[in-house]
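Scroll down for the structure; my scribbles are underneath it.
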């Protein structure tokens, strides 16, 4: 049969490149890859459903899925995962410990971002800092005018206000008009070495590793979606896509573990790989429902408790049924 010519929007990750360069193929699909930044992908996917297969914010997808308005159905492929103890940047001249965030003004690029849900989860569980304890100030990191890509309805005790017209949250943090910023990117004032801006956790890698040992959770940021009409018309497609992305990740990890010549521009990468496996196990970046059920369940409970999803979703509700089954030999 003729191959389906489908647009695929994803980030430029090592775990995707074997698909992009043709080392791995998707059965019966002629993929047209667009390697884009997450902000562009998510804006275009959730506003206009521009792509056939696309990386999606897990939070935004959960909002839309709970509401029954998502144009995509996901498969349990997780292109982006990250510990988010590195995602809290504070005025070190006034914020010394996490509890100091109570009563403060904290900037966010968007309230419902997946990274911010994870941060609010551990701030509340580990330090007793609830969303209602903070005044949230929403705006672009470096460019004024950023808005929530999808609408959300929040509890009445959660206070959100926009940044002043023309302002950015990085500029406000540098000027001392915000006490902290939470988000997936570092604000430019942090990268530039502002003397009064730093991490909330002095050693965020250690804090994240300690958190993983307690919770066994490696936060999922993004999942992979297929246009629902395509999955309905071609019921073999979700399984084929899941299989191909699994194979691509396996190729990338084999290359990363080849110590004959370092594959990325980073010293000690082999040692970092071994350390990750010692902490998290051999399959530390797992795809699939069952290895990630506890992570998904905890995220979905937090998401619903914050009022972001209108109903409590189960992990199964996120994924096409064919993508969570696998054959055996």
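The values are calculated or read from the model by the stated rules, or taken from the named source; none is laboratory data. A quick note: this is a predicted structure, and the numbers were derived from the prediction, not measured. Methodologically, a virtual Cβ is constructed for each residue, glycine included, from the backbone with ideal geometry; neighbour enumeration extends over all protein chains shown.
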Practice task
Keeping to the stretch 108-136, report how many residues are over 25 Å from residue 64 (Cβ atoms) and in contact with a strand residue (DSSP E or B) (Cβ under 6 Å, 6 or more places away or on another chain).
Solution key: 2
Problem - Candidates 170, 132, filtered to the one that is modelled with pLDDT of 95 or more, assigned to a helix (DSSP H, G or I) and surrounded by 16 or more Cβ atoms within 10 Å (Cβ to Cβ) - result: 170
Exercise for the section: Determine if the stretch 137-156 includes at least one residue that is in contact with a helix residue (DSSP H, G or I) (Cβ under 9 Å, 6 or more places away or on another chain), without any contact (Cβ under 8 Å) to a residue 60 or more places away in the chain, surrounded by fewer than 17 Cβ atoms within 10 Å (Cβ to Cβ) and not in a loop (DSSP other than H, G, I, E, B). Expected result: no
Problem - Lone unmet requirement of (1) free of Cβ contacts under 8 Å to residues at least 40 places away in the same chain; (2) surrounded by fewer than 21 Cβ atoms within 10 Å (Cβ to Cβ); (3) under 22 Å from residue 241 (Cα atoms) for residue 102 - result: (3)
Exercise for the section: Taking the residues in the stretch 182-214 that are outside any loop (DSSP other than H, G, I, E, B) and free of Cβ contacts under 8 Å to residues at least 12 places away in the same chain as candidates, determine which candidate is nearest to residue 291 (Cα to Cα). Expected result: 214
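Quick one: would you say residue 221 is in a strand (DSSP E or B) and at pLDDT 95 or above?
For residue 221, the condition - in a strand (DSSP E or B) and at pLDDT 95 or above - is met.
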Fill in the blank from the handout: Scanning the stretch 157-167 residue by residue, those assigned to a loop (DSSP other than H, G, I, E, B) and surrounded by fewer than 18 Cβ atoms within 10 Å (Cβ to Cβ) turn out to be 157, 158, 164, 165, 166
Exercise for the section: Considering every residue within the stretch 107-115, establish whether at least one is in a helix (DSSP H, G or I) and either at pLDDT 95 or above or in contact with a helix residue (DSSP H, G or I) (Cβ under 8 Å, 6 or more places away or on another chain) (or both). Expected result: yes
Exercise for the section: Run residue 68 past the list (1) touching a helix residue (DSSP H, G or I) at 6+ places or on another chain (Cβ under 7 Å); (2) at positive phi and report the number of the one that doesn't hold. Expected result: (1)
Problem - So residue 81, is it surrounded by fewer than 21 Cβ atoms within 10 Å (Cβ to Cβ) and on the phi < 0 side of the Ramachandran plot - result: yes
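I'd like to verify a number: residues in the stretch 269-294 that are part of a helix (DSSP H, G or I) and in contact with a strand residue (DSSP E or B) (Cβ under 6 Å, 6 or more places away or on another chain), how many?
Step one: filter the stretch 269-294 for residues part of a helix (DSSP H, G or I), giving 269-280, 290-294.
Those still in the list that are in contact with a strand residue (DSSP E or B) (Cβ under 6 Å, 6 or more places away or on another chain) too: none.
The total comes to 0.
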Handout entry: Residue identified as in a loop (DSSP other than H, G, I, E, B), in the same structural domain as residue 310 (by TED's automatic domain parsing) and buried (at least 19 other Cβ atoms within 10 Å of the Cβ) among 75, 63, 24, 8
Key = 24
Practice task
Go through the residues of the stretch 255-268 one by one and say whether even a single one is modelled with pLDDT of 95 or more, within 30 Å of residue 90 (Cβ to Cβ) and part of a loop (DSSP other than H, G, I, E, B).
Solution key: no
Practice task
From (1) part of a helix (DSSP H, G or I); (2) surrounded by fewer than 18 Cβ atoms within 10 Å (Cβ to Cβ); (3) touching a helix residue (DSSP H, G or I) at 6+ places or on another chain (Cβ under 7 Å); (4) touching a residue at least 60 places away in the same chain (Cβ under 8 Å), pick out the condition that doesn't hold for residue 242.
Solution key: (2)
Practice task
Answer with yes or no whether residue 88 is within 26 Å of residue 285 (Cβ to Cβ), in contact (Cβ under 8 Å) with a residue 60 or more places away in the chain, crowded, with 22+ Cβ neighbours inside 10 Å and more than 14 Å from the chain's Cα centre (by Cα).
Solution key: yes
Exercise for the section: Pick out the one residue from 304, 294 that is in the same structural domain as residue 54 (by TED's automatic domain parsing) and surrounded by 14 or more Cβ atoms within 10 Å (Cβ to Cβ). Expected result: 304
